[in-house]
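What follows is one structure encoded as structure tokens, with my remarks underneath.
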Amino acid sequence: MTDTTRPLASGPLGIRLLAFDRLPEGSEFADARVGYCLVAVERGDRVLLVLDRGRGCWELPGGGIEPGETPRQAAARELREEAGLSLAPEELRFAGFALTAFADKPELRGAVFRAELPETAGAGEPAGFTPNEEISAISWWDGEAPLPGGTLQTVDAVLAELVRGGPEGA
């Protein structure tokens with residue numbers, strides 16, 4: 001059983017990462033439903049972050065799972081909608097499940113995926129990115145440099161590090 005009394009990370013807006021479990025992708029949970037997905041996209045030593053307009057936070061691309069959608073399908077959709085990056089669901093590698101607590105919501109599990117893109121000259125944006133109502137910018141973050149215009153969602157930064165270069169889920 002996972003010890004959730006001491007969070008692995010705390011972030012702005014009252015978000016706490018209680019656990020990260022490397023379990024099979026189709027796992028089901030009695031304690032908290034799988035309600036969101038995140039994608040840690042790596043390019044060399046950088047990870048893709050998006051700046052959420054409403055929260056003012058730099059985060060991993062991701063979001064809610066729509067009715068009839070699998071977490072993997074949701075992850076590919078969110079990556080396309082938020083960062084303009086089109087990857088087929090099967091190109092994403094499942095990494096595990098985050099257990100998070102939010103200031104105003106019950107505990108929730110998130111399916112975390114990862115993808116690696118070939119390193120290219122420069123740290124440019126995916127060709128299809130256009131700022132929209134939800135996302136104002138994207139960045140290939142090196143894990144250290146300050147990010148302009150928003151606060152780093154430290155929970156997402158910790159999750160990106162946990163899955164970086166790690167094995168695919170069981």
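The values are calculated or read from the model by the stated rules, or taken from the named source; none is laboratory data. Everything numeric in this text was worked out from a predicted model, so none of it was measured. Every residue, glycine among them, receives a Cβ derived from its backbone with ideal geometry; neighbour counts consider all protein chains shown. Ligands, DNA and RNA are excluded from the accessible area calculation, which covers all protein heavy atoms including side chains. Shrake-Rupley method; radii C 1.70, N 1.55, O 1.52, S 1.80 Å.
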Those residues of the range 116-170 which are open to solvent by 30 Å² or more (accessible area, probe 1.4 Å), at pLDDT 85 or above and β-branched (V, I, T) amount to T130, T151, T154, V158
For the range 106-117, pairs from a residue that is under 16 Å from R77 (Cβ atoms) to a residue that is among the hydroxyl-bearing types (S, T, Y), with Cβ under 6 Å and 6 or more apart or across chains, are G110/Y36
Return the pairs, sorted by first residue and then second, in which the second residue is part of a strand (DSSP E or B), the first residue lies in the range 44-58 and is at pLDDT below 95, the beta carbons are less than 8 Å apart, and the residues are 6+ apart or on different chains. R46/W140; R46/W141
Yes or no: S86 within 24 Å of E133 (Cα to Cα), assigned to a loop (DSSP other than H, G, I, E, B), polar (S, T, N, Q) and open to solvent by 20 Å² or more (accessible area, probe 1.4 Å)? yes
Hey, G68 hits all of (1) open to solvent by 10 Å² or more (accessible area, probe 1.4 Å); (2) closer than 21 Å to L147 by Cα but one; which does it fall short on? (2)
